[in-house]
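Colleague: Here it is: the structure, laid out below.
The values are calculated or read from the model by the stated rules, or taken from the named source; none is laboratory data. This structure is a prediction, so every number in the text was calculated from the model and none was measured. Neighbour counts are summed over all protein chains in view; Cβ atoms, including those assigned to glycine, are modelled from backbone coordinates with ideal geometry.
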Amino acid sequence: MRHSLILRGLIGVSFSFLFSCTSIKNTPKVSQPPPEGMVLVPAGIYTMGGRSSQAYVDEFPKHEVSISAFYMDQNEVTNQEFKLFVEATGYKTIAERDIDWEEMKKTVPLGVAKPHDSLLKAGSLVFKQTKGPVNLEDYSQWWRWTTGANWQHPEGSGSSLENRMEHPVVHIAWDDALAYATWANKRLPTEAEWEWAAQGGNSGNIYPWGNTNVEAAFDQANFWQGVFPYNNRELDGYFGTAPITSFPPNGYGLFDMAGNVWEWCQDKYDFKAYEKAQNKGVVQNPQGPRQYNDPREPLSPKHVMRGGSFLCNDSYCSGYRVSRRMSSSRDSSFNHTGFRCVQDL
C-alpha cells in the first residue's frame, strides 16, 4: 500500500501475491463491428481458479462462472492514448500529487510518526535491478521510491516518453485507471471477465499462449528471463516495457494478456473471495466483493491486478498465469502497472 510502505522508506509496495471453459451457444449476435481498438469477447462458462502447482491459496477453491459477451481493449492503454485523456481533461495522476499526511494517517497504525517531508513529495515506485541475489520476500530490495516518477517520467525526473508513445502507460493507480475508463465511456474489467478473456477460448490454458512452459515461451510475452532481480537475459528483447503488439495475441486477438504491465481490475480484493463463491452453483457475471479484505494489511483498500509484467519470473511471481491474482492499494503506482478497459455490448 502506498501509505503503509512509506514507513519503510517506500510508498506503494503492497503486493498480495497471494479453468476449463466453454463458449455459450446463445452468444448474442452483433450486427456491427467492435468499437475501434476493441475486440469481442464471447459469452461463456468456465472454471475460475488455480490450474497449476504454482497456484496461490487465494486462487482456490475453483468455482464455476458464467460471463456475458463484452468488448475489451485489444491492447493495454498506451502513453499516446493516456496523453489524449490528460490533454482533454487536465487530469493529474496520483503519482503527480504530493501526499496528504492527514489523509494518510487514516490508514496507518496509531502512533506512527509523520514521515520526512521528502517522502511526501509527488512520486512513485521504480524498479531498481540489484547487483546480486536478495531475499525475495523483501520487495524493498528492488523497489525505490522516486520523487518525480510518474506516467510522463517513468524512471523519474530526467526520463521521458521519447520513443515510447506506443508503450503501455505506467505509474497508474486504480483511481487513475477508473478516471480514464469513465472519460472513454468504458469501464475496468471484472476479475472474472479478465481471466475468461485471458484464456482466449482455449480450455485449460495455464498461460494466454497455451501451456508451453515459460522457459520455452520467451517469444510469447514480455517477462523476466534469468534470475530475478539481478540477471535479466532479455531473451524477449526487452528489459522494461515493450510496444503494444510486440508479441502474438491470444485466441481472442488480445495482446499482452501476459507480461508487459500489470492490469487493474474493477474488483475489490478479498483474500477469501473464492471461498465465498463456493457452493453457489454457476455464478453469473460476478462483480467482486463488497468489502476489502486482506488480513496482512487490513487498513488498505486494495483492488485486484492481473496479467503480470515485464518483471515477472517463476522464482517469485508467475504473474503471467491466467489465474494468478495480485492486489495493491487503490492509490499505489509502479513503473510496471497499467490497465486496459472493457465496454458492455
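Colleague: Checking the structure you have, find out if any residue of region 279-301 is closer than 24 Å to Phe223 by Cα and of a type in the set (Asp, Glu). Reasoning before the result, please.
Modeller: Step one: list which residues in region 279-301 are closer than 24 Å to Phe223 by Cα, which gives none.
No, there is no match, as no residue in region 279-301 is closer than 24 Å to Phe223 by Cα and of a type in the set (Asp, Glu).
Colleague: Follow-up. Being acidic (Asp, Glu) and at pLDDT below 95 is the requirement here; does Glu234 meet it? Show your work before the answer.
Modeller: Working: acidic (Asp, Glu): yes; at pLDDT below 95: no.
So Glu234 fails the test.
Colleague: Same structure again: Within region 203-219, is there a residue that is surrounded by fewer than 22 Cβ atoms within 10 Å (Cβ to Cβ), outside any loop (DSSP other than H, G, I, E, B) and in contact with an Asp or Glu (Cβ under 9 Å, 6 or more places away or on another chain)?
Modeller: There is at least one residue in region 203-219 that is surrounded by fewer than 22 Cβ atoms within 10 Å (Cβ to Cβ), outside any loop (DSSP other than H, G, I, E, B) and in contact with an Asp or Glu (Cβ under 9 Å, 6 or more places away or on another chain).
Colleague: In region 137-172, what residues are surrounded by 13 or more Cβ atoms within 10 Å (Cβ to Cβ), farther than 26 Å from Val86 by Cα and either at pLDDT below 95 or touching a helix residue (DSSP H, G or I) at 6+ places or on another chain (Cβ under 8 Å) (or both)?
Modeller: Listed by number, the residues that qualify are Tyr139, Ser140.
Colleague: Quick one: Tyr46 ticks every box in (1) surrounded by fewer than 19 Cβ atoms within 10 Å (Cβ to Cβ); (2) hydroxyl-bearing (Ser, Thr, Tyr); (3) at pLDDT 95 or above; (4) within 26 Å of Gly251 (Cα to Cα) bar one, so which box is it?
Modeller: Single failed check for Tyr46: (1).
Colleague: Name the one entry in Phe239, Phe228 that is closer than 20 Å to Gln129 by Cα, among the aromatic types (Phe, Trp, Tyr) and out of contact with any strand residue (DSSP E or B) (no Cβ under 8 Å at 6 or more places or on another chain). Let's see the steps before the verdict.
Modeller: Numbers: Phe239 fails: out of contact with any strand residue (DSSP E or B) (no Cβ under 8 Å at 6 or more places or on another chain).
On inspection, the qualifying residue turns out to be Phe228.
Colleague: Could you tell me how many of the residues in region 240-293 are more than 30 Å from Asn163 (Cβ to Cβ) and β-branched (Val, Ile, Thr)? Give the steps one after another, and end with the answer.
Modeller: Our first condition is that a residue be more than 30 Å from Asn163 (Cβ to Cβ); within region 240-293, this holds for 251, 266-293.
Retained after the next criterion (residues that are β-branched (Val, Ile, Thr)): 282-283.
Number satisfying all stated conditions: 2.
Colleague: If you don't mind, there's one more thing I want to ask. Condition first: more than 20 Å from Asn232 (Cβ to Cβ), of a type in the set (A, V, I, L, M, F, W, C) and under 13 Å from the mean Cα position of the chain (by Cα). Now tell me which residues in region 327-345 satisfy that.
Modeller: Residues of region 327-345 that are more than 20 Å from Asn232 (Cβ to Cβ), as a first pass: 327-333, 339-345.
Subsequent filtering for residues that are of a type in the set (A, V, I, L, M, F, W, C) retains 339, 341-342, 345.
Residues satisfying the conditions are Phe339, Cys341.
Colleague: Hey, among Gly319, Gly288, Gly308, which residue is in a loop (DSSP other than H, G, I, E, B), farther than 23 Å from Asn135 by Cβ and in contact with a strand residue (DSSP E or B) (Cβ under 7 Å, 6 or more places away or on another chain)?
Modeller: Details: Gly319 fails: farther than 23 Å from Asn135 by Cβ; Gly308 fails: farther than 23 Å from Asn135 by Cβ.
One residue alone meets the criteria, Gly288.
Colleague: Does any residue of region 181-194 turn out to be under 30 Å from Ala277 (Cβ atoms) and more than 20 Å from the chain's Cα centre (by Cα)?
Modeller: Yes - at least one qualifying residue is present in region 181-194.
Colleague: Just checking, which of Ser309, Ser327 is in contact with a Lys or Arg (Cβ under 8 Å, 6 or more places away or on another chain), under 30 Å from Ala216 (Cα atoms) and either buried (at least 16 other Cβ atoms within 10 Å of the Cβ) or among the acidic types (Asp, Glu) (or both)?
Modeller: Details: Ser309 fails: in contact with a Lys or Arg (Cβ under 8 Å, 6 or more places away or on another chain).
It is Ser327.
Colleague: Is there a residue in region 283-292 that is buried (at least 24 other Cβ atoms within 10 Å of the Cβ) and over 29 Å from Leu120 (Cβ atoms)? I'd like the intermediate steps shown before the answer.
Modeller: Filtering region 283-292 for residues buried (at least 24 other Cβ atoms within 10 Å of the Cβ) gives none.
No, there is no match, as no residue in region 283-292 is buried (at least 24 other Cβ atoms within 10 Å of the Cβ) and over 29 Å from Leu120 (Cβ atoms).
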